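FYI, it's all coordinate maths here, none of it is from the lab. Everything numeric in this text was worked out from a predicted model, so none of it was measured. Positions of Cβ are generated from backbone atoms using ideal geometry, with glycine treated the same way; all protein chains shown enter the neighbour counts.
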C-alpha cells in the first residue's frame with residue numbers, strides 16, 4: 001500500500017484528508033529535515049521517494065497517479081492469466 005510521509009510545516013499538510021480519502025496511508029512528522037525545500041515547495045515522500053513540485057495541486061496529481069498505478073498492479077496480480085483460467 002502506498003505510504004505518504006509529510007512534514008507538518010509543509011503546505012501539503014492541508015491535503016491529508018484528501019490523500020487519505022484516496023485510500024493512501026499518511027504519516028505526518030514534525031520535521032523531515034528538508035527545511036530549505038519545505039519552505040519553498042510542496043513535497044511529500046511517497047514510499048520513500050521525494051515528490052516535489054511547484055504547486056500542491058501538482059503533488060496531488062502525482063499521488064493520484066501513483067495510486068492508480070498501485071491499483072492497476074494489484075488488479076493485474078489478482079486477475080488470472082488466460083492459461084490459469086479453467087475451461088469448461
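Worth a mention:
Residues are listed down the side, and each one gets a yes or a no for (1) within 14 Å of residue 67 (Cα to Cα); (2) surrounded by fewer than 13 Cβ atoms within 10 Å (Cβ to Cβ); (3) in contact (Cβ under 8 Å) with a residue 24 or more places away in the chain:
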| site | (1), (2), (3) |
| --- | --- |
| 1 | yes, yes, yes |
| 4 | yes, no, yes |
| 7 | no, no, yes |
| 10 | no, no, yes |
| 16 | no, no, no |
| 20 | yes, yes, no |
| 33 | no, yes, no |
| 45 | yes, no, yes |
| 54 | no, yes, no |
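- Those residues of the stretch 22-31 which are closer than 15 Å to residue 64 by Cβ and surrounded by 13 or more Cβ atoms within 10 Å (Cβ to Cβ), in sequence order: 22, 24, 26
- Residues in the stretch 2-30 that are in contact with a strand residue (DSSP E or B) (Cβ under 6 Å, 6 or more places away or on another chain) and assigned to a loop (DSSP other than H, G, I, E, B) were compared, and the one that is farthest from residue 72 (Cα to Cα) is 8.
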